Amino acid sequence: MSSWLVRGLAMTAVHVLARILLGVAVVEAPLNSTVWRTVAIAAVVLVALVWGGFDGIRDARANPDPDDYGDLTVRWLKAGVLAGVAAGLISWIIGNTVLAGIGQAGLFVELIAGASFTALLVFVPAFVGAAIGRWLIRREQNNGAEDDWSVHEDRHADAAR
């Protein structure tokens, strides 16, 4: 199974679970809906951020040269689009059959606007997490390296020629 497919399906599950829990919480405590919405969005963002960070760390350790890094951008973009469309469809089905509290948007709105929002909720934090993960590993790898080229012996050997 492709890595973007695994990420997309897992993020679909996270988003659908967050929407179901949000629907239950809003029905039970409607005056606190803003807090519950913030918590649900933060949960989805946090999972994507952490997973993207692990991807960035793993990729930077596997490829010490930044030119050899894998294409995590497209991987997470595909995962975000899959999560957006699948979560929108699943949430619309659940909202119209089982749990009316998770939203009353039409199918077209769920598949276009909702999917776009969910794709961004997955892609942007994962992209930021991957960048942070790669940066942490590069920083760790560069700590032992000699950065001052002016005192490096190879520089003096080139100047003597």
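The values are calculated or read from the model by the stated rules, or taken from the named source; none is laboratory data. Just so it is clear, the structure is predicted and the values come from calculations on it, not from any experiment. In this analysis, Cβ positions are derived from the backbone assuming ideal geometry, glycine residues included, and neighbour counts consider all displayed protein chains. Accessible surface areas use protein heavy atoms only, side chains included; no ligands, DNA or RNA. Shrake-Rupley method; radii C 1.70, N 1.55, O 1.52, S 1.80 Å.
Values as computed for the structure displayed
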item	result
Boolean, I137 is modelled with pLDDT of 85 or more, loosely packed, with under 14 Cβ neighbours inside 10 Å and within 29 Å of the chain's Cα centre (by Cα)	no
Residue within the range 88-100 that is more than 30 Å from R139 (Cβ to Cβ), open to solvent by less than 70 Å² (accessible area, probe 1.4 Å) and not in a helix (DSSP H, G or I) present	yes
Subset of the range 11-25 that is in contact (Cβ under 8 Å) with a residue 12 or more places away in the chain and open to solvent by 30 Å² or more (accessible area, probe 1.4 Å) - its residue that is farthest from the chain's Cα centre (by Cα)	V24
Residue satisfying condition, being in a helix (DSSP H, G or I) and either surrounded by 20 or more Cβ atoms within 10 Å (Cβ to Cβ) or modelled with pLDDT under 90 (or both), within set V81, V74, V39, V85	V85
Residues being modelled with pLDDT under 95, of a type outside the set (F, W, Y) and assigned to a helix (DSSP H, G or I) - total across the range 1-15	1
Extreme residue, nearest to L9 (Cα to Cα), among residues of the range 101-110 that are open to solvent by less than 60 Å² (accessible area, probe 1.4 Å) and at pLDDT 85 or above	E110
Flag if I20 is over 25 Å from V85 (Cβ atoms) and in a helix (DSSP H, G or I)	no
Every pair of residues 6+ apart whose Cβ atoms lie under 7 Å, when the first sits in the range 67-91 and is closer than 16 Å to V124 by Cβ while the second is of a type in the set (F, W, Y)	T73/F127; R75/W4; W76/F123; W76/F127; L77/F123; K78/W4; A79/W4; G80/F123
Filter result for the condition that a residue is touching a Leu at 6+ places or on another chain (Cβ under 8 Å) and more than 30 Å from Q141 (Cβ to Cβ), over V27, V14, V44	V44
Any hit, the range 46-67, residues being in a helix (DSSP H, G or I) and polar (S, T, N, Q)	no
